[in-house]
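Student: Dropping a structure here in structure tokens format, bear with me for questions.
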Amino acid sequence: MLIIFGGLPGSGKTTISRALAKELGAVHLRIDTIEQNIRASDMLSSEVGPAGYMVGYGIAEDNLTLGKIVVADSVNPLKVTRDAWLSVAARSGVPAVEIEIVCSDRNEHRWRVETRASDVPGLVKPRWEEVTAHYYESWEQSPIVIDTAKQGVDEAVAALLSQLEPVRYREAREV
């Protein structure tokens, strides 16, 4: 199964996606980490662009074909990136589940953005003004939506596990 996360920086998606990956014994694939390591290679003459996502798609597909559950963690702001993740799942013959992480409390979201430290060496986190100006297309499909202003990590993971269980059960029956 490919579990596709998306949401603005500071919404809580990495915290929840990591916790879910740990609970499932899944591969956690974080685009921020990939992109920062591409930057750190000093091989770029311009911004990373789609390179991080392209690498992520390949790593996800490799792991899915090995039978692993993959949790893809990225802002995932565009229909084209969401469609690409869905294509990875389709090529791998596995179900895909889309999850959007939001923080409906603007003050809480701002506080998170302004106070969090980077856990990826060299990665500069965006400022609040950059987060609020970030281009982010509405989801056409109906993802599972988790509002981190209304529930903690453990509650969010429990809610996700209960929603993922029917997908995992269907997948197991089809094998």
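Student: Could you please find all residues in the stretch 126-139 being in contact with an Asp or Glu (Cβ under 9 Å, 6 or more places away or on another chain) and not in a helix (DSSP H, G or I)?
Tutor: ARG127, TRP139
Student: Does LEU2 qualify as being surrounded by 22 or more Cβ atoms within 10 Å (Cβ to Cβ), touching a residue at least 24 places away in the same chain (Cβ under 8 Å) and more than 19 Å from VAL120 (Cα to Cα)?
Tutor: yes
Student: Are there helices (runs of 4 or more DSSP H) fully within the stretch 19-123 with at least 1 residues that are in contact with a Ser or Thr (Cβ under 7 Å, 6 or more places away or on another chain) and surrounded by fewer than 16 Cβ atoms within 10 Å (Cβ to Cβ)? List them.
Tutor: Output list reads 51-65.
Student: When the stretch 131-148 is examined, which residues are found to be exposed (fewer than 15 other Cβ atoms within 10 Å of the Cβ) and either under 12 Å from SER11 (Cα atoms) or free of Cβ contacts under 8 Å to residues at least 60 places away in the same chain (or both)?
Tutor: THR132, ALA133, TYR135, SER138, GLN141, SER142, VAL145
Student: Take GLN163 and decide whether it is touching a strand residue (DSSP E or B) at 6+ places or on another chain (Cβ under 7 Å), within 26 Å of TYR57 (Cβ to Cβ) and part of a helix (DSSP H, G or I).
Tutor: yes
Student: Does GLU171 meet the test of being among the acidic types (Asp, Glu), surrounded by 12 or more Cβ atoms within 10 Å (Cβ to Cβ) and either at positive phi or modelled with pLDDT under 90 (or both)?
Tutor: It is true that GLU171 is among the acidic types (Asp, Glu), surrounded by 12 or more Cβ atoms within 10 Å (Cβ to Cβ) and either at positive phi or modelled with pLDDT under 90 (or both).
Student: Does the stretch 119-167 hold any residues that are within 18 Å of the chain's Cα centre (by Cα) and of a type in the set (Lys, Arg), and which are they?
Tutor: LYS125
Student: Looking at (1) of a type in the set (D, E, K, R); (2) over 29 Å from GLU155 (Cα atoms); (3) under 14 Å from the mean Cα position of the chain (by Cα), which is the only condition GLU47 fails?
Tutor: So the condition that GLU47 fails would be (3).
Student: While we're looking at this one, here's another question. Among the residues of the stretch 61-76, is there at least one that is within 24 Å of VAL157 (Cα to Cα) and free of Cβ contacts under 8 Å to residues at least 24 places away in the same chain?
Tutor: Taking every residue of the stretch 61-76 in turn, at least one turns out to be within 24 Å of VAL157 (Cα to Cα) and free of Cβ contacts under 8 Å to residues at least 24 places away in the same chain.
Student: Cβ-Cβ under 8 Å, sequence separation 6+ or interchain: first residue in the stretch 81-95 and over 14 Å from VAL55 (Cα atoms), partner of a type in the set (D, E, K, R) and assigned to a helix (DSSP H, G or I). Which pairs?
Tutor: Hits for this filter: ARG91/GLU61; SER92/GLU61; VAL94/GLU171; PRO95/ARG170; PRO95/GLU171.
Student: Let me ask something additional. Mind checking which residues of the stretch 26-83 are within 27 Å of SER138 (Cα to Cα) and among the acidic types (Asp, Glu)?
Tutor: Hits for the stretch 26-83 are ASP32, GLU35, GLU47, GLU61, ASP73, ASP83.
The values are calculated or read from the model by the stated rules, or taken from the named source; none is laboratory data. Since we're looking at a predicted model, the values are computed, not measured. Cβ sites come from the backbone with ideal geometry, for glycine too, and all protein chains shown count toward neighbours.
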